[in-house]
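Notes follow the structure.
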Amino acid sequence: MINTIKNQQKLLEKLNIEKLNLMQEEAQMNIHSNAEVVLLSPTGTGKTLAFLLPIMAELRKESLGVQALILVPSRELAIQIEQVIREMGSGFKVNAVYGGRPIAKDKADLKHSPAILVGTPGRIADHIYRGTFDTDTVANLILDEFDKSLEIGFETEMQEILSALPNVKKKVLTSATFKVKIPAFVKLHNPKILNYLKVDTPELKLKIIRSPDKDKLETLGKLLHKLGNQAGIVFCNFKDSIQDISEYLDEKDIAHACFYGGLEQNERERALIKFRNSTHQLILATDLAARGIDVPEIKFIIHFHLPMRLHEFTHRNGRTARMHKSGTAYIIHNEEEYLPAFIEDMKLESVSVDELESVTEAALSQWTTLFISGGRKDKISKGDIAGLFFKQGKLTKDQLGLIELKNDCAFVAVKASKADQLISLTNNTRLKKKKVRVRKL
């Protein structure tokens with residue numbers, strides 16, 4: 001078990017976290033002492049760590065089979081949780097399975113059962129049907145963002161999964177929404193409910209930006225220029241709109257990434273990687289990015305289109321002004337557009353983009369992302385990559401950014417001005433025992 005204070009501190013250090021916040025501390029205590037816990041907390045407050053630490057403390061090194069099953073609504077969240085667990089370096093095997101990933105790859109990973117299995121309901125139900133892993137060993141069940149899984153149509157699969165788990169001793173459900181109805185098939189008897197959704201976020205500012213044009217593109221461009229080189233998300237309701245905006249921003253030389261359901265999984269993942277490491281400071285997204293993805297502190301979000309429901313509006317806004325940090329949500333609105341009742345009730349002041357003060361001068365990103373054709377399965381570590389870039393690539397510490405290590409590859413942020421030199425010095429060289437390719441992503 002890993003529930004000693006000393007061991008927990010080691011795990012936090014590996015994640016570069018000094019200490020837990022109040023919600024995480026209380027969640028940890030209650031998950032330890034209760035068989036059923038429902039954790040309600042806003043997006044971005046650290047729910048993943050809040051349930052991982054106490055659940056991992058329940059795991060036993062000598063036990064075989066899957067001990068903890070974590071169900072999530074999206075591929076991105078599955079990948080994110082798997083990566084967090086790997087970075088903890090606890091010694092417990094973890095695997096993530098999800099739609100769009102080859103079944104054969106899943107089977108190879110699950111041939112030796114992980115202690116922790118993370119997955120989307122559809123793919124987990126498929127593996128239970130195939131008998132890929134033993135469901136009798138699962139003692140801990142986490143339904144992360146469970147309401148979202150239900151909302152997008154996974155109710156049948158979730159019901160099948162829960163009915164196939166006869167020996168669950170601990171259940172943890174999480175959500176970023178207050179209006180949640182827990183289905184009867186979850187079979188909660190007397191859950192401990194931890195509600196952190198009542199806390200107001202006075203750090204969040206809301207502003208309506210008037211657009212004289214119906215297409216709103218020019219207003220968006222002016223607003224982004226005013227906001228300068230800060231991290232932000234532009235939310236749209238349709239992928240076609242994202243494509244139109246992307247073309248417009250390309251014409252204006254405004255670097256950005258796109259994130260929506262129609263993209264291939266590797267395109268979505270790489271868009272988030274470039275956003276996290278500051279290669280791009282801006283991402284165009286549908287509501288897929290409103291919850292359950294790992295992104296850095298965001299200074300603003302822009303509603304290019306408004307959602308029709310208040311809770312969707314709340315989730316979008318939850319990407320900024322997190323954990324007592326300040327942030328602004330802008331609504332770009334043309335007078336001919338319909339305003340949902342929940343916006344009208346807020347009685348927000350409407351201003352033109354010209355009335356806003358410029359936050360900072362717009363600037364091109366100083367970073368670019370490099371791809372390395374070797375990863376965890378090749379026994380390569382982040383330290384190995386840093387060593388190669390410092391010694392052979394002649395980088396200094398301030399020229400090396402975020403390193404994200406995957407099973408078969410790695411992504412590294414470096415100062416854009418040094419990228420070509422670095423590639424020429426390190427491409428087709430050996431890293432550990434593997435000859436790796438290094439190229440721009």
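The values are calculated or read from the model by the stated rules, or taken from the named source; none is laboratory data. Being a predicted model, the structure only gives us computed values, none of them experimental. Glycine gets a Cβ as well: all are built from the backbone with ideal geometry, and neighbour counts include every protein chain shown.
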Options Phe390, Phe342, Phe371; residue that is in the same structural domain as Ala255 (by TED's automatic domain parsing) and among the hydrophobic types (A, V, I, L, M, F, W, C): Phe342
Breaking point among (1) more than 14 Å from Ala139 (Cα to Cα); (2) modelled with pLDDT of 90 or more, for Leu69: (1)
Matching residues in the stretch 94-128 - criterion: being assigned to a helix (DSSP H, G or I) and either closer than 17 Å to Glu264 by Cβ or free of Cβ contacts under 8 Å to residues at least 12 places away in the same chain (or both): Ala104, Lys105, Ala108, Arg123
Complete set of residues in the stretch 129-167 that are under 20 Å from Ile55 (Cβ atoms) and of a type in the set (Val, Ile, Thr): Thr135, Thr137, Val138, Ile142, Ile161
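If you scan the stretch 115-128, which residues turn out to be within 20 Å of Thr48 (Cα to Cα) and of a type outside the set (A, V, I, L, M)?
Taking the stretch 115-128 and keeping what is within 20 Å of Thr48 (Cα to Cα), we get 115-121, 124.
Gly119, Thr120, Pro121, listed by residue number.
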Selection from the stretch 162-186 of residues that are in a loop (DSSP other than H, G, I, E, B), farther than 13 Å from Ser149 by Cβ and β-branched (Val, Ile, Thr): Val168
Test for Val436: is it modelled with pLDDT of 95 or more, touching a strand residue (DSSP E or B) at 6+ places or on another chain (Cβ under 8 Å) and either under 17 Å from Gly375 (Cβ atoms) or surrounded by 14 or more Cβ atoms within 10 Å (Cβ to Cβ) (or both): no
Scan of the stretch 139-161 for residues that are assigned to a helix (DSSP H, G or I) and either surrounded by fewer than 16 Cβ atoms within 10 Å (Cβ to Cβ) or over 22 Å from the mean Cα position of the chain (by Cα) (or both), ordered by number: Glu151, Glu155, Thr156, Glu157, Gln159, Glu160, Ile161
Candidate set: the stretch 233-278, residues that are hydroxyl-bearing (Ser, Thr, Tyr) and modelled with pLDDT under 90; chosen: the one surrounded by the most Cβ atoms within 10 Å (Cβ to Cβ): Tyr260
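Restricting the search to the stretch 333-380, which residues are part of a loop (DSSP other than H, G, I, E, B), hydroxyl-bearing (Ser, Thr, Tyr) and within 28 Å of the chain's Cα centre (by Cα)?
Scanning the stretch 333-380 gives Thr360, Ser365, Ser373.
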Condition check for Val118: β-branched (Val, Ile, Thr) and modelled with pLDDT of 95 or more: yes
Counted residues, the stretch 348-380 - those being over 24 Å from Ala255 (Cβ atoms), hydroxyl-bearing (Ser, Thr, Tyr) and crowded, with 16+ Cβ neighbours inside 10 Å: 1
Scope the stretch 81-127; condition more than 24 Å from Ile380 (Cβ to Cβ), surrounded by fewer than 19 Cβ atoms within 10 Å (Cβ to Cβ) and of a type in the set (Val, Ile, Thr); matching residues: Ile103
Ile55, sole failed condition from (1) buried (at least 21 other Cβ atoms within 10 Å of the Cβ); (2) β-branched (Val, Ile, Thr); (3) under 16 Å from the mean Cα position of the chain (by Cα): (3)
Filter pass, Gly383 being farther than 30 Å from Ala176 by Cα, modelled with pLDDT of 85 or more and part of a loop (DSSP other than H, G, I, E, B): no
Residue count for the stretch 289-332, restricted to those that are out of contact with any Phe, Trp or Tyr (no Cβ under 7 Å at 6 or more places or on another chain), modelled with pLDDT under 80 and assigned to a helix (DSSP H, G or I): 2
Residue list for the stretch 408-433, restricted to those being out of contact with any Gly (no Cβ under 9 Å at 6 or more places or on another chain) and either surrounded by 14 or more Cβ atoms within 10 Å (Cβ to Cβ) or in contact (Cβ under 8 Å) with a residue 40 or more places away in the chain (or both): Phe411, Ala416, Ser417, Ala419, Asn427, Thr429, Lys433
